[in-house]
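First comes the structure, then the notes that go with it.
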Amino acid sequence: MLQPAKLDALIARREAVEAELASQPDRETYVKLSREFSDLGPLVERVKAYRAAVSELADIDALLGDAATDAEMR
């Protein structure tokens, strides 16, 4: 199972790197941060997609478990 705290840490780190890049660091730091930002991008996008899928699954489970839901819809 994925640990939510680690996923949150990835997102927070990408945001922190983005903020550092916006603060106009020196050239060496800029290059280092740009690489890290680039590396974190795909991971953060996957985390967001994973969380969206988990949320959608929970919504579907709630819909299926609700007796008031139309039988055809279930």
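Every number in this text was worked out from the coordinates using simple rules, so none of it is lab data. Keep in mind that this is a model prediction, so the values were computed, not measured. Here the Cβ is made from the backbone with ideal geometry for all residues, glycine too, and neighbour counts use every protein chain on show.
For the peptides 50-58, 64-72, 34-42, the ranking by packing is 34-42, 50-58, 64-72, with the highest mean count of neighbouring Cβ atoms within 10 Å listed first.
Between Asp66 and Ala49, what is 0.36 nm times their sequence separation minus the Cα-Cα distance? Round to one decimal in nm. It would help to have the intermediate numbers written out before the result.
On the way: separation 17, 0.36 × 17 = 6.12 nm, distance 2.57 nm.
Between Asp66 and Ala49, full extension yields an extra 3.5 nm.
Does anyone have the angle between helix 4-22 and the longest principal axis of the chain? Alpha-carbon axes, 0 to 90°, nearest 10? So the inclination is approximately 40 degrees.
How much net charge surrounds Ala12 when only the other residues with a Cβ under 12 Å from the Cβ of Ala12 are counted, with Lys and Arg +1 and Asp and Glu -1? Numbers along the way, then the final one.
On the way: positive: Lys6, Arg13, Arg14; negative: Asp8, Glu15, Glu18.
Around Ala12, the charge tally is 0.
Counting helices only, and only those DSSP H runs with n ≥ 4, report the 222 nm mean residue ellipticity of the chain as the sum of -39,500 (n - 2.57) divided by its residues, in deg cm²/dmol to the nearest 500. Show your work: numbers first, answer last.
Working: 2 runs with 58 residues, N = 74.
-28000 deg cm²/dmol, from helical runs alone.
The residues neighbouring Leu33, those whose beta-carbon lies less than 15 Å from its own, together hold a net charge of -2 under the Lys/Arg +1, Asp/Glu -1 convention.
Given R₀ = 30 Å, what would the calculated FRET efficiency be for Thr29 paired with Leu2, taking r from the Cβ atoms and rounding to 0.05? All intermediate terms of the calculation are to be shown ahead of the outcome.
On the way: r = 31 Å, r/R0 = 1.03.
Plugging the Cβ-Cβ distance into 1/(1 + (r/R0)^6) gives 0.45.
Mind pulling the angle between the C-alpha long axis of helix 27-65 and the longest principal axis of the chain? Nearest 10 degrees, somewhere in 0 to 90. The angle comes out near 10 degrees.
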